[in-house]
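Colleague: Sending over a structure as structure tokens; questions will come in a sec.
Every number in this text was worked out from the coordinates using simple rules, so none of it is lab data. Everything numeric here is computed off the predicted structure, so don't read it as measured data. For neighbour counting, all protein chains shown are included, and Cβ atoms are generated from backbone atoms with ideal geometry for every residue, glycine included.
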Amino acid sequence: MNRERKRVTGILALGPRGPFVITDAGDHWVLDLDDFDPEMIGRQVTAEGVLVGYDRLQTDWMGEALH
């Protein structure tokens, strides 16, 4: 498996596979997170982590994106 690091920015949403980011380009990135604030859903966030699947990040950190 590719252990490449990736940073994504977009709108945080919650789906059947867990929290995910929808980028401006329309890409969906599922985030493997230990914990997250549900109040962040619907906000613009940046997340960074290691690719652990085609569209999944083992997320090291996530925070509200700067505008």
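Colleague: What percent do you get for the relative contact order of the chain when only Cα pairs under 8 Å and 6+ apart count?
Modeller: Values: 141 pairs, mean separation 23.3, N = 67.
Computed value for the chain: 35 percent relative contact order.
Colleague: If you plug each phi of the stretch 54-64 into the Karplus form 6.51 cos²θ - 1.76 cosθ + 1.60 with θ = phi - 60°, what whole-Hz ³J(HN,Hα) values come out, in order, with x for Gly and Pro?
Modeller: Once θ is set to phi - 60°, the couplings for the stretch 54-64 become 4, 9, 10, 10, 7, 7, 7, 7, 8, x, 5 Hz.
Colleague: Quick check: net charge around G53, other residues with Cβ under 12 Å of its Cβ, Lys/Arg +1 and Asp/Glu -1? Numbers along the way, then the final one.
Modeller: Details: positive: R3, K6, R17, R56; negative: E4, D32, D55.
That sum, taken over residues with Cβ under 12 Å, equals +1.
Colleague: Most fluctuating residue of D27, D55, D37 in a GNM of the chain with Cα springs under 10 Å: which is it?
Modeller: D37
Colleague: Candidates (1) 1.05; (2) 1.00; (3) 0.92; which is the computed Rg/Rh (Cα atoms, Kirkwood Rh)?
Modeller: (3)
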